[in-house]
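Below: the structure, in structure tokens.
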Amino acid sequence: MKTLVKTFAVATLIAISTFAMAADKPASKSEKANVNLSTADLALEHYVAVTTEGESAGVEQLFAEDFSQKVNSTTNSRDELVKFFKKQKGEKLNCTVSSDIIEESADYMVAKVTLKFENFTKTDLVTLVREGNNWKVSKSINSYK
């Protein structure tokens with residue numbers, strides 16, 4: 001009888017520890033971080049953080065489904081860019097960043113983001129659109145000097 005009680009006690013402890021460890025597990029990679037994109041300015045700030053500071057939280061949320069990026073004669077899709085920025089997590093660019101709003105309305109914004117590096121300058125014309133209650137980047141056109 002004592003052996004049976006000990007067996008149940010050990011089994012109970014193992015089960016409790018297993019459930020406790022399972023409850024403490026970190027969020028899975030498939031869970032997406034929620035980023036506040038309720039204004040065009042917040043979405044533009046987050047875009048700059050993603051492109052220059054290696055921020056990867058909310059990348060999927062930032063780009064519109066029909067997003068495209070044009071760099072010289074090459075066009076990149078949303079999926080290609082999201083994958084690229086996820087790989088760049090934590091990588092900070094050594095540049096000075098400035099942004100100017102070129103045009104703004106209730107449902108869209110066009111901004112010019114300038115990244116000045118030591119030997120060249122990258123200019124990014126970014127179009128943001130309101131989708132429901134959030135703002136998303138719908139287009140990006142890059143040029144280099």
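Each reported figure results from applying straightforward, stated rules to the coordinates on display, with no laboratory input. As the structure is a prediction and not an experimental result, all values here were calculated from the model. Reconstructed Cβ throughout: ideal geometry from the backbone, glycine too, with neighbour counts over all protein chains shown.
Charges at C-beta only: +1 for Lys and Arg, -1 for Asp and Glu. How large is the resulting dipole of segment 40-85 about its Cα centre, in Debye rounded to 20?
For this selection, approximately 200 debye.
Given +1 on the Cβ of Lys and Arg, -1 on the Cβ of Asp and Glu, and no further charges, what dipole in debye does segment 55-125 carry about its Cα centre, rounded to the nearest 20?
The dipole of segment 55-125 has a size of about 440 debye.
With θ set to phi - 60° and the Karplus curve 6.51 cos²θ - 1.76 cosθ + 1.60, what are the ³J(HN,Hα) couplings of segment 42-54 in order, to the nearest whole Hz, using x for Gly and Pro?
Residue by residue, segment 42-54 yields 5, 5, 5, 4, 5, 4, 5, 5, 5, 7, 10, 10, x Hz.
Through the Karplus equation 6.51 cos²θ - 1.76 cosθ + 1.60, θ set to phi - 60°, convert the phi angles of segment 111-126 into ³J(HN,Hα) values in whole Hz; use x for Gly and Pro.
Each residue of segment 111-126 in turn: 10, 10, 10, 10, 10, 9, 9, 4, 10, 7, 10, 10, 10, 10, 8, 10 Hz.
So how much slack lies between Glu53 and Thr121, counting 0.36 nm per residue of separation and subtracting their Cα-Cα distance, in nm?
22.8 nm
Per-residue HN-Hα couplings for segment 60-65, Karplus 6.51 cos²θ - 1.76 cosθ + 1.60 at θ = phi - 60°, whole Hz, x for Gly and Pro?
Coupling constants for segment 60-65: 4, 6, 6, 9, 5, 4 Hz.
Only counting other Cβ atoms within 10 Å, I'd like Thr114, Thr96 sorted with the fewest neighbours first.
Ordered by Cβ neighbours within 10 Å, fewest first: Thr96, Thr114.
Please list the non-local residues whose amide H lies under 5 Å from the amide H of Thr39, H modeled 1.01 Å from N, same-chain partners needing a gap of 5 or more.
For Thr39, the qualifying residues are Trp135.
Mind running the shape call on segment 40-144? Use the C-alpha gyration tensor, a ≥ b ≥ c as the square roots of the eigenvalues: rounded below 1.5 for a/c, prolate if a/b tops b/c, oblate otherwise.
rounded
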